[in-house]
Amino acid sequence: MKRNKVVNTVDFKEFVANDVNNQKGIFHPIKASFLERLFVKKVSCKRLHPNASDEFTFSDIGPSYRIISEYEKNFRHYLSKGQRLELEPLTIEKLRPRGYLILNGHHRWAAAMRVGLKRVPVEIVNLAQESDIKKILENSKHNKRVTLDLDEVVFKSNDDPYLEKRLHFPFNLKFKKRIRLGIPALFYFLSKNGYDIWVYSANYYSIDDVKSFFRHYSVNVDGIITGTAKKKQNPTKADAEMEQLIANKYQETLHIDNDLILLTHKENGDFQEYELNANAEDWSRKAITIIGEIENARKTENL
């Protein structure tokens, strides 16, 4: 059965199962080059592979043919009128020895296959792999870390009145997010006080883009974990092993939320909560004050 001639539901379900099975022990994700991520905007459907960790491929859940049919109907409508089809890019990850793994957009890919589209728009991202995590942990000299949610805490709406300045052209074209006022100062303070900074996102941002983004604000982030929404829904053994590696490294973890700072101790499981009651303009200043008090208390205990 050829990829662009998948017609009925039975054939397609069998095709997906066979593709996932053929990946085992052969395919694994690798980093795409900067130029590849910059210039590859469309990929042949033949080079895209369904993700074994996604519900789309689960035999007891499988694809939603209602969603696929809706996309199909929309695609055929545009194609029948000879109009240009505006398709939201699929998020993909490069594979070795060939092709790409679909991270987000399985149903759009399925509909494209069923209507006979040869190529679809894509965005290639590089996610953190186990080797990346191990390298970060091995190189780190710190035993404490801080975690922040990019989507909920760090990134803010463009309408928010208290934001850091937008990146200059052309960097603002690649990463258009805006960050909360004071985040660079907070990250600088944390680094100076011996914290590794780990940021998380439910979205599939490329770790290269996130690291580069913060470098433009003259600060560094140590660990970048993206695509957490899918990982929470369908955790794999590799995901669990990565989280365990991180947990084993640090004696303390400081989690900063919008209105709370939570300090947890690995050794005894104890934790302390600190209310972060501050308006948007003073949020970072208040967070730095609280963490400074934590550090001073720690120094006093060690005297």
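FYI, it's all coordinate maths here, none of it is from the lab. Note that this is a predicted model, so its numbers are computed, not measured. Every residue, glycine among them, receives a Cβ derived from its backbone with ideal geometry; neighbour counts consider all protein chains shown.
At 0.36 nm per residue, minus the direct Cα-Cα distance, what do Glu295 and Tyr188 gain on full extension? Give it in nm, one decimal, please. Walk me through the numbers on the way to the answer.
On the way: separation 107, 0.36 × 107 = 38.52 nm, distance 1.50 nm.
This chain segment gains 37.0 nm when fully extended.
For the charge dipole of the chain, defined by +1 on Lys and Arg C-beta atoms and -1 on Asp and Glu C-beta atoms about the Cα centroid, which residue among Ala111, Tyr274, Leu167 has the Cα displaced farthest towards the positive pole?
Ala111
Does the chain come out rounded, prolate or oblate by the C-alpha gyration tensor, with a ≥ b ≥ c the root eigenvalues, rounded set by a/c under 1.5 and, if not, prolate when a/b is larger than b/c and oblate if not? Walk me through the numbers before you get to the answer.
On the way: a/c = 2.46, a/b = 1.85, b/c = 1.33.
Cα axes put the chain in the prolate bin.
Can you work out the Karplus-derived ³J(HN,Hα) for every residue in the stretch 217-224? Use 6.51 cos²θ - 1.76 cosθ + 1.60 with θ = phi - 60°, whole Hz, and x for glycine or proline.
9, 6, 10, 10, 10, 8, x, 10
Skipping prolines and chain starts, which residues have an amide H placed within reach, meaning under 5 Å, of the one on Tyr205, given they are 5 or more residues away or on another chain?
Here Gly227 satisfy the definition.
Where does the stretch 3-124 land on Rg/Rh, using Cα atoms and the Kirkwood Rh?
Values: Rg = 14.2 Å, Rh = 14.8 Å.
Ratio of gyration radius to Kirkwood radius: 0.96.
Please give the length that would be gained between Tyr65 and Gln272 if that part of the chain were fully extended, namely 0.36 nm times their separation in residues minus their C-alpha to C-alpha distance (nm, one decimal).
Working: separation 207, 0.36 × 207 = 74.52 nm, distance 4.79 nm.
The span from Tyr65 to Gln272 would gain 69.7 nm if fully extended.
For Arg298, Arg119, what ranking results if the residue with the fewest other Cβ atoms within 10 Å of its Cβ goes first?
Working: Arg298 12, Arg119 15.
Listed from fewest to most nearby Cβ atoms, that is Arg298, Arg119.
Order of 230-241, 101-112 by packing, highest average Cβ count within 10 Å first?
Highest mean packing first, the order is 101-112, 230-241.
Counting only helical runs of four or more DSSP H residues, what would the 222 nm mean residue ellipticity of the chain come to if each run contributes -39,500 (n - 2.57) and the total is spread over all its residues?
Numbers: 11 runs with 118 residues, N = 303.
After summing the helix terms and dividing by the residues of the chain, the value is -11500 deg cm²/dmol.
Place a point 7 Å from the Cα of Arg96 along the Cα-to-Cβ direction; which residues of the stretch 208-247 have their backbone N under 20 Å from it?
Of the residues in the stretch 208-247, 208, 238-239, 242 have backbone N under 20 Å from the label point off Arg96.
Straight-line reach from Lys174: which lysines have Cα under 23 Å away, leaving out those fewer than 8 places along the same chain?
Leaving aside lysines fewer than 8 places away in the same chain, those within reach of Lys174 are Lys31, Lys41, Lys42, Lys94, Lys156, Lys165, Lys211.
Mind giving me the FRET efficiency for Lys46 and Asn158? R0 is 51 Å, r the Cβ-Cβ distance, nearest 0.05 is fine.
Numbers: r = 39 Å, r/R0 = 0.76.
E between Lys46 and Asn158, to the nearest 0.05, is 0.85.
Looking only at Cα atoms, what is the convex hull volume of the stretch 220-276 per residue, in Å³?
Numbers: hull volume 7.0 nm³, N = 57.
Expressed per residue, the convex hull around the Cα atoms of the stretch 220-276 is 122 Å³.
Label-point separation (nm) for Asn74 and Lys237, each offset 7 Å from Cα along Cα-to-Cβ?
With each label placed 7 Å out from Cα toward Cβ, I get 3.8 nm.
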